[in-house]
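Read through the structure below, which is laid out as structure tokens, and then see the notes.
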Amino acid sequence: MKKFLITATALLLVFSLALLCGCDNKKSGGKSQTKATQTQSEPDTTGSSQLKTYLDSYVTGDNPLYGTWKVKGIKSFCYIFRNDNLGEIAMGTEADFAKLSIDTKKQTLSVAFVLGLNGTYNYTLSKDNKTLTLKNDKDSYTLLKQDNYSLIPKAKPNPKIDKDILGWWQSDGNIYYFGDDGIMYSNTITMETCYTYNAENGKINAVYDYAGDVKISLKYSYKNDKLNIDSIEFTKFTPDCLK
């Protein structure tokens, strides 16, 4: 287990650098439009509570395996098992997706993460549904349920908000959400991330946590009910769980 902890931490840091490089390649010099902003004196919880409802909708259901789990003895990252056949490996406020299969009759779980869990495991769940044991011919893991875990960071005071961009936006499966409390969310199909953000002068400055604070900057413009972020056009929508 000690060898796993050292290897896991090292691989996770390397993997995070690779992801950051990939994000930088997506940015372009698209035209931005300066927008009027407002600074809230006291940020409310509308944005983060709506985002929490959205994220929670993916870990609800009859299967007690849905939810967030940490490997016993490891604090740096956790696993999220979702009801849409996806699993996540999460660290801070960023999580990467992997395909997930749970067979409740055979009591097997199959997933392929970059760290740790990779393969098909027989699982045993404790009577209180708080301890999950995964075993196969090569490995054995003990996971502990994390009932209070959230990807959403604490909102910062007095965020700079652009009313035009508030809400949910999508483009070819990619999603952005901007809350009126300075909380931002993105889903790029391979990963999802929660941030604190400020929006002014055609630029979104955001911060997320992945083994420490990571800052990003996005150019944006809004026109004719369309939001352009780094030269990609997004249209407004409402997730099913919020209708």
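A few notes on this one:
- The residue pairs whose first member lies in the stretch 231-243 and is under 15 Å from Asp56 (Cβ atoms), whose second member is surrounded by 13 or more Cβ atoms within 10 Å (Cβ to Cβ), and whose beta carbons are closer than 7 Å, counting only pairs six or more residues apart or on different chains, are Pro239/Tyr54; Pro239/Trp168; Cys241/Tyr54; Cys241/Ser57; Leu242/Gln50; Leu242/Tyr54.
- Some residue of the stretch 161-168 being under 30 Å from Tyr121 (Cβ atoms) and surrounded by fewer than 16 Cβ atoms within 10 Å (Cβ to Cβ): no
- Of residues in the stretch 69-102 being under 16 Å from the mean Cα position of the chain (by Cα) and hydroxyl-bearing (Ser, Thr, Tyr), the one nearest to Leu134 (Cα to Cα): Tyr79
- Within the stretch 195-213, tally of residues that are over 13 Å from Asp164 (Cα atoms) and either touching a helix residue (DSSP H, G or I) at 6+ places or on another chain (Cβ under 7 Å) or among the small types (Gly, Ala, Ser) (or both): 4
- Filter result (part of a strand (DSSP E or B) and at negative phi) within the stretch 119-133: Thr120, Tyr121, Asn122, Tyr123, Thr124, Leu125, Thr131, Leu132, Thr133
- When residues of the stretch 210-234 are limited to those that are of a type in the set (Lys, Arg) and over 28 Å from Cys78 (Cβ atoms), the one surrounded by the most Cβ atoms within 10 Å (Cβ to Cβ): Lys219
- Set Thr93, Thr68: member being surrounded by 17 or more Cβ atoms within 10 Å (Cβ to Cβ) and within 30 Å of Glu200 (Cβ to Cβ): Thr93
- Restricting Phe178, Phe237 to those that are in contact with a strand residue (DSSP E or B) (Cβ under 9 Å, 6 or more places away or on another chain) and surrounded by fewer than 16 Cβ atoms within 10 Å (Cβ to Cβ) reduces the list to Phe237.
- Selection of the stretch 181-209 for residues being farther than 20 Å from Asn228 by Cβ, of a type in the set (A, V, I, L, M) and surrounded by 17 or more Cβ atoms within 10 Å (Cβ to Cβ) yields Ile183, Met191.
- Residues being modelled with pLDDT of 95 or more and at positive phi - total across the stretch 172-200: 2
- Residue count, the stretch 122-151 (criterion: touching a Lys or Arg at 6+ places or on another chain (Cβ under 6 Å) and either at pLDDT below 95 or more than 19 Å from Gly92 (Cβ to Cβ) (or both)): 4
The values are calculated or read from the model by the stated rules, or taken from the named source; none is laboratory data. Predicted, not measured: the structure shown is a model, and the values here were computed from it. Neighbour counts are summed over all protein chains in view; Cβ atoms, including those assigned to glycine, are modelled from backbone coordinates with ideal geometry.
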